[in-house]
1. Please go through (1) more than 14 Å from GLN81 (Cα to Cα); (2) touching a Lys or Arg at 6+ places or on another chain (Cβ under 8 Å) for PHE62 and return the number of the only condition it doesn't satisfy.
2. If you take the residues of the range 76-103 that are more than 13 Å from the chain's Cα centre (by Cα) and of a type in the set (A, V, I, L, M, F, W, C), which of them is surrounded by the fewest Cβ atoms within 10 Å (Cβ to Cβ)?
3. Among the residues of the range 1-40, what is the count of those that are more than 12 Å from CYS95 (Cα to Cα), of a type in the set (S, T, N, Q) and modelled with pLDDT of 95 or more?
4. Confirm whether ALA5 is among the aliphatic types (A, V, I, L, M) and either surrounded by 15 or more Cβ atoms within 10 Å (Cβ to Cβ) or in a strand (DSSP E or B) (or both).
5. For the range 23-37, check the following and say yes or no: at least one residue is open to solvent by 50 Å² or more (accessible area, probe 1.4 Å), of a type outside the set (S, T, N, Q), farther than 22 Å from THR103 by Cα and not in a helix (DSSP H, G or I).
6. Within the range 8-22, which residues are under 17 Å from SER123 (Cα atoms) and in a strand (DSSP E or B)?
7. Would you pick out the residues in the range 41-75 that are part of a loop (DSSP other than H, G, I, E, B), open to solvent by 40 Å² or more (accessible area, probe 1.4 Å) and touching a strand residue (DSSP E or B) at 6+ places or on another chain (Cβ under 6 Å)?
8. Scan the range 3-29 and report the pairs whose first residue is at positive phi and whose second residue is of a type in the set (Gly, Ala, Ser), with Cβ atoms within less than 7 Å and a gap of 6+ or a chain change.
Amino acid sequence: VQLQAFGGGLVQAGGSLRLSCAASGRTFSTYDMGWFRQAPGKEREFVARINWSGASTYYADFVKGRFTISRDNAKNTVYLQMNSLKPEDTAVYYCAAPKIGYTGSVSPDQYDYWGQGTLVTVSS
């Protein structure tokens, strides 16, 4: 699986961004997808995940109500819509696909395939 994330940038607090992640390789509609982020000096942390069909999503508490993960299996793409952004959301955001056979994962250790990351900077 090859993943390419894009859509990051600089935004003011309260603003919005939409990240996209294009996948190739393994049949996209057969596996979950996740978004993680890593701020400077911090460990990579789970943000959101979506199951293979898009019917089931799960979010970290700190983004609930503000971020929405979605996918378009026809376009082999997963999205992360980020609204009401806060300065503490500043980080490099990564899309990821889990190890074969893993579903419902929130730990980075259970993901084998990673995009290159896209930087989101939220100014106060």
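The values are calculated or read from the model by the stated rules, or taken from the named source; none is laboratory data. Worth saying up front: this structure is predicted, and the values here are computed from it rather than measured. Counting neighbours? That spans all protein chains shown, and the Cβs are built from the backbone with ideal geometry, glycine included. Each accessible area value is taken on the protein alone, full model and side chains, heavy atoms only, with ligands, DNA and RNA left out. Shrake-Rupley method; radii C 1.70, N 1.55, O 1.52, S 1.80 Å.
1. Condition not satisfied by PHE62: (2).
2. Just the residues of the range 76-103 that are more than 13 Å from the chain's Cα centre (by Cα), to begin with: 76, 83-88, 90, 99-103.
The next check asks that each one be of a type in the set (A, V, I, L, M, F, W, C); those that pass are 85, 100.
Working: LEU85: 21, ILE100: 11.
Taking the candidates together, the pick is ILE100.
3. Adding up the residues that qualify gives 2.
4. Yes, satisfied.
5. Within the range 23-37, the subset open to solvent by 50 Å² or more (accessible area, probe 1.4 Å) is 24-27, 30.
Imposing the further condition that a residue be of a type outside the set (S, T, N, Q) reduces the set to 25-26.
Subsequent filtering for residues that are farther than 22 Å from THR103 by Cα retains none.
No; the residues of the range 23-37 include none that is open to solvent by 50 Å² or more (accessible area, probe 1.4 Å), of a type outside the set (S, T, N, Q), farther than 22 Å from THR103 by Cα and not in a helix (DSSP H, G or I).
6. Filtering the range 8-22 for residues under 17 Å from SER123 (Cα atoms) gives 8-18.
Matches in the range 8-22: GLY9, LEU10, VAL11, GLN12, LEU17, ARG18.
7. Initially, the range 41-75 is screened for residues part of a loop (DSSP other than H, G, I, E, B), giving 41-44, 51-56, 60, 64-66, 73-75.
Checking the rest, the ones that are also open to solvent by 40 Å² or more (accessible area, probe 1.4 Å) come to 41-44, 52-53, 55-56, 64-65, 73-75.
Within the range 41-75, ARG44 is the sole residue that qualifies.
8. Pairs that qualify, where the first residue is at positive phi and the partner is of a type in the set (Gly, Ala, Ser), are GLY7/SER20; GLY14/SER84.
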